[in-house]
Each structure stands twice: as C-alpha cells, then as structure tokens.
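Asks: Before anything else, here's the structure in question.
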Amino acid sequence: MRFRLIFDRGDGYYNMAVDEALLYSVASGGVPTVRLYIFSRPTVTIGYFQRLHEVVDVELARRLSVDVVRRPTGGGAVYHDPEGEVTYSVAVPERLVPEDLVESFRYLSCGIVEAARALGAPAEFVPLNDCVVGGRKFSGQAQLRRFGAVLQHGTFMYATNLDVLAEVLRVRGVKLASRGPVRSRVTNLSEYLGRGVTTSEALESLAKGFRKCLGVELYEGTYSELELKLASDLMWKYRSERWVGLR
C-alpha cells in the first residue's frame, strides 16, 4: 500500500485546517497521508473539549506572542515550539486502524517511537496516548474519527523550550495536580540524550519511522487542489475567537 508523505510549515490556524481537510479528503476516497509539519510561530493548541482559560494562561501567552488555537481533536493542551518540535498527522481510512482505541493510538503513533529509538532514546508508548522516554512524556497524541476516516496527530519534542511550555500551560484540578508540575513530567529528546537534536534529524527519523512501522510505501507528494480549497474554507473557523473560546 502507498501513503503520501507531505512536509509542511505554517501557523496553527493553517495547520489545523489542513489536518481537518485531509480527514475529509480520505473520507471521500483520497490518498492516505502522513504529514510532518512545523509551526511557524510559537503556538499552544488545546483539545476540542477543553476550557480555554483553565488550561492556558492566555494573557501570558499574548505577552509572549504565543498563538492559541483549538484543535478539532480531543486531548490536552500542547505547546508547539518552531525551533524544537515537529508535529505529525496521519489521515487514513478507519478500516486500516485497530478497532480498540488504545491500540489505534499505539499503531498510529508508532513512527514517533521508532524515530526516537533511531536517535538513541529508548522510547515507549504508554496508554492512553503518550510516548515517553525515561518515564517522561515527549509526545502526546489526539484523534478524531468521522465518515469512515481517522485523523491522528501528535507532537515530537526534540528541543522544545520546556520553560515556556511550563509557563503558558496551566495545571488545574486534582487529576493533573497529582501528576506533578508540568516541567517535571515532560522532556525533549535533546535533554534526554544530552546532545542537540536538529530539525533535519527529527524530520528524517520520523519519515523513516513511519515508513518502517506502518509497513507502507511512503512517497513524497503535495496537496490536491480540492484539499487546498477545503483547508482555505476551514481557516475562518480556526481563526475565529468564537472557535478558540468555544469553552
């Protein structure tokens, strides 16, 4: 089977619009796609069901010029560092994904684990949707299923500024508080390995990782005109204050 591989870069509004467009494209019979992309601006993305002001220090984010975008998927708040994080998304027909939710997360994030191991970090998947190294999270995943298609996207923190991450993300409630301060629960691969992992290393290892673990041929491609049109039409939603402040 052949999957399309796309490398991309853009702001958070664009990135979320493209990911949603790819979901609908696959649902309509389009090509299964692995997308590796970088946020062009520091950005926090929050899960569809999250309450904005409970999980993000919005005023501080504004002062630090950090954008805030609501994802179409669930999951928690994530900080995307243009200089230290690659985001992946996989859009595939639902029939290709394990029915069990945990196993589907494991399967579609396998490229993350493979990439980290190739760089020298003994990464592992931890249910429900985290990838960890040395007991600390360096990748989280979120998922959306619609019309017989699945979109999963997640982070690959190779050199993320963890101090900024800890400042702009809020920890609220007994469940989160019991897991310890944000900074003590996360890491990046450069910190773990004790050396600087570069963007090119991260991208190369991710492409190889997904190719290996999904067992498909990955060919580098581009978006169709229909996908670009759909993404453009979706941009208004992600830019709107009503969407970002939905909850």
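The values are calculated or read from the model by the stated rules, or taken from the named source; none is laboratory data. Quantities reported herein were computed from a predicted structural model and do not represent experimental measurements. A quick note on method: Cβ atoms are made from the backbone with ideal geometry, for glycine too, and the neighbour counts reach across all protein chains shown.
Asks: Condition check: farther than 28 Å from Arg106 by Cβ and charged (D, E, K, R). Does Arg239 satisfy that?
Replies: Considered against the rule, which asks whether it is farther than 28 Å from Arg106 by Cβ and charged (D, E, K, R), Arg239 comes out as yes.
Asks: Any residue in the stretch 67-92 that is modelled with pLDDT under 95 sitting within a Cβ distance under 8 Å of a residue that is surrounded by 23 or more Cβ atoms within 10 Å (Cβ to Cβ) and in a loop (DSSP other than H, G, I, E, B)? List the pairs, counting only those 6 or more apart or interchain.
Replies: What qualifies is Gly75/Asn129.
Asks: Being in a helix (DSSP H, G or I) and not hydroxyl-bearing (Ser, Thr, Tyr) is true for just one of Ala61, Ala142. Which residue is that?
Replies: Every option except Ala61 fails the conditions.
Asks: Hey, Gly196 hits all of (1) exposed (fewer than 15 other Cβ atoms within 10 Å of the Cβ); (2) in a helix (DSSP H, G or I) but one; which does it fall short on?
Replies: (2)
Asks: Give the residues of the stretch 215-236 that are touching a helix residue (DSSP H, G or I) at 6+ places or on another chain (Cβ under 7 Å) and within 27 Å of Thr160 (Cβ to Cβ), sorted by residue number.
Replies: Leu218, Ala231, Leu234, Met235, listed by residue number.
Residue-wise test of (1) closer than 26 Å to Arg62 by Cβ; (2) of a type in the set (S, T, N, Q).
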site: Thr160; (1), (2): yes, yes
site: Leu169; (1), (2): yes, no
site: Leu193; (1), (2): no, no
site: Leu203; (1), (2): no, no
site: Leu206; (1), (2): no, no
site: Ser224; (1), (2): no, yes
site: Trp236; (1), (2): yes, no
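Let's see how each residue does on (1) small (Gly, Ala, Ser); (2) in a helix (DSSP H, G or I); (3) buried (at least 21 other Cβ atoms within 10 Å of the Cβ); (4) within 14 Å of the chain's Cα centre (by Cα):
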residue	(1), (2), (3), (4)
Leu5	no, no, no, no
Tyr14	no, yes, yes, yes
Ala17	yes, yes, yes, yes
Glu20	no, yes, yes, yes
Leu23	no, yes, yes, no
Val31	no, no, no, no
Tyr37	no, no, yes, yes
Arg41	no, no, no, no
Phe49	no, no, no, no
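Yes/no per residue for (1) of a type in the set (A, V, I, L, M, F, W, C); (2) loosely packed, with under 15 Cβ neighbours inside 10 Å:
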residue: Glu83; (1), (2): no, yes
residue: Val90; (1), (2): yes, no
residue: Leu96; (1), (2): yes, no
residue: Leu108; (1), (2): yes, no
residue: Pro122; (1), (2): no, yes
residue: Gln143; (1), (2): no, no
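Asks: Pairs please, first residue from the stretch 218-247 and in a helix (DSSP H, G or I), second anywhere and among the aromatic types (Phe, Trp, Tyr) and surrounded by fewer than 17 Cβ atoms within 10 Å (Cβ to Cβ), Cβ atoms under 7 Å, 6+ apart in sequence or on different chains.
Replies: Pairs found: Lys237/Trp243.
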